[in-house]
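The values are calculated or read from the model by the stated rules, or taken from the named source; none is laboratory data. From a predicted model like this one, the values you see are computed outputs, not experimental measurements. Ideal geometry is used to build each Cβ from the backbone, glycine not excepted, and the neighbour counts take in all protein chains shown. These area figures cover heavy atoms from the full protein model, side chains too; ligands, DNA and RNA do not enter into them. Shrake-Rupley method; radii C 1.70, N 1.55, O 1.52, S 1.80 Å.
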Amino acid sequence: MPKILVVDDEPNNRFLMEDLLSIYRDRGIELLFAEDGQEALDVMEEHHPEIVFLDVVLPERDGYDVCATVRKKMHKNDIHIILLTAKSKETEGARAMAVGADGMIQKPFKA
């Protein structure tokens with residue numbers, strides 16, 4: 001079963017992403033959630049999601065560190081990682097690409 005992982009330490013943001021992505025449950029896609037960087041790595045190792053929406057600002061390990069770890073240490077290039085940030089895409093975009101992110105979405109966003 002295909003999987004999407006949402007990683008955000010803010011419950012409201014996880015709820016919003018769950019609401020936005022709920023249409024995919026009807027298509028047989030499992031939604032997974034993590035609250036911090038280390039939990040995200042653990043979930044990725046165990047469940048192998050195809051897509052990860054990863055907040056940049058997280059406790060334990062930030063999104064940049066998690067993304068770099070997935071790419072360089074875990075060698076998982078088949079996972080599509082989209083970073084979520086409240087900062088400007090112009091200022092953070094280069095850093096996101098440097099750690100191996102596939103894209104970036106600026107917060108806040110609406111359903």
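For every residue, the table says whether it meets (1) part of a helix (DSSP H, G or I); (2) without any contact (Cβ under 8 Å) to a residue 40 or more places away in the chain.
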residue	(1), (2)
Asn12	yes, yes
Asp19	yes, no
Leu54	no, no
Tyr64	yes, yes
Ile81	no, yes
Ala94	yes, yes
Met97	yes, yes
Report task. Please work out which residue is farthest from Ala101 (Cα to Cα), limiting yourself to the stretch 21-45 and to residues that are open to solvent by less than 60 Å² (accessible area, probe 1.4 Å) and in a helix (DSSP H, G or I). Result -> Ser22
Query raised in the report: Looking at the stretch 101-111, is at least one residue part of a strand (DSSP E or B), closer than 19 Å to Pro2 by Cβ, at pLDDT 90 or above and touching a strand residue (DSSP E or B) at 6+ places or on another chain (Cβ under 7 Å)?
Result: yes
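Do we have Ile29 as at pLDDT 95 or above and in contact with a Cys (Cβ under 8 Å, 6 or more places away or on another chain) here? Let's see the steps before the verdict.
Details: at pLDDT 95 or above: yes; in contact with a Cys (Cβ under 8 Å, 6 or more places away or on another chain): no.
No: the conditions fail for Ile29.
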Requested in this report: State all residues of the stretch 46-96 that are under 14 Å from Asp36 (Cα atoms), open to solvent by 80 Å² or more (accessible area, probe 1.4 Å) and under 13 Å from the mean Cα position of the chain (by Cα); if no residue qualifies, say none.
Outcome: Val57
Query raised in the report: Does Val6 count as open to solvent by 80 Å² or more (accessible area, probe 1.4 Å), outside any helix (DSSP H, G or I) and touching a residue at least 40 places away in the same chain (Cβ under 8 Å)?
Result: no
